[in-house]
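A.B. asks: Could you have a look at this structure, given as structure tokens, before my questions?
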Amino acid sequence: MALTRRKEREIVFTLLFAARFQPGEDPEALLEELLEGCEEDGARESAYVRETFLGALAFREEADRMVAQAAVGWRPDRLSRTVSTVLNLALYEMKQNDQVPEKVAINEAVEIAKSFGEDGAGKFVNGVLGKLAEKQA
């Protein structure tokens, strides 16, 4: 059975989250290592998972700069790893993937933040991404 885009996005989120604990690793090797432990059928074969993981990983520093500008009073290193990872994924999709509408990227990020993050994470993510979306408009 094929994975839904939401499920693929959640897989990418979990892979990016895990990657935060292994900085400096070769991205391709890290992806292969992390996919070995992924129990979701179809994750290894998903082009979306592969491309989005590698793209978002490469985009992380730029995403952190954008968050620092939008989240006044919050340094990226003060954010939880969960929120930071959600923002990284969403900003990659918003700014680098023209196949994902901005509103979809924001909505999906809010849902992931609600599912995986602490109380209030969804609202915070929505606020930051909304501010960054307004800036571009």
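Derivation of every value follows stated rules applied to the coordinates shown; laboratory data play no part. Here the structure is a predicted model, which is why all the values come from computation and not from measurement. Note that we place each Cβ from the backbone using ideal geometry, even for glycine, and neighbour counts take in every protein chain shown.
A.B. asks: Filter the GluC sites (Glu not before Pro) in the range 36-121 to those in DSSP coil with at most 16 other Cβ atoms within 10 Å of their Cβ, and list the result.
C.D. replies: Working: sites: Glu36, Glu39, Glu40, Glu45, Glu51, Glu61, Glu62, Glu93, Glu102, Glu108, Glu111, Glu118; in loops: Glu39, Glu40, Glu45, Glu118.
Taking the range 36-121 and a limit of 16 other Cβ atoms within 10 Å, the loop GluC sites (Glu not before Pro) found are Glu39, Glu40, Glu45, Glu118.
A.B. asks: If you place +1 on the Cβ of every Lys and Arg and -1 on the Cβ of every Asp and Glu, how big does the dipole about the Cα centre of the chain come out, in debye to the nearest 20?
C.D. replies: On the way: 18 positive and 25 negative charges, 161 e Å.
Charge dipole of the chain: 780 debye, to the nearest 20.
A.B. asks: While we're here: Where does the chain land at 222 nm, in deg cm²/dmol rounded to the nearest 500, when only DSSP H runs of n ≥ 4 count, each adding -39500 (n - 2.57), divided by all residues? Don't skip to the end; give the middle numbers.
C.D. replies: On the way: 6 runs with 96 residues, N = 137.
Calculated mean residue ellipticity at 222 nm is -23000 deg cm²/dmol.
A.B. asks: Still on this model: Can you tell me, using C-alpha contacts under 8 Å and at least 6 residues apart, the relative contact order of the range 5-136 as a whole percent?
C.D. replies: 23
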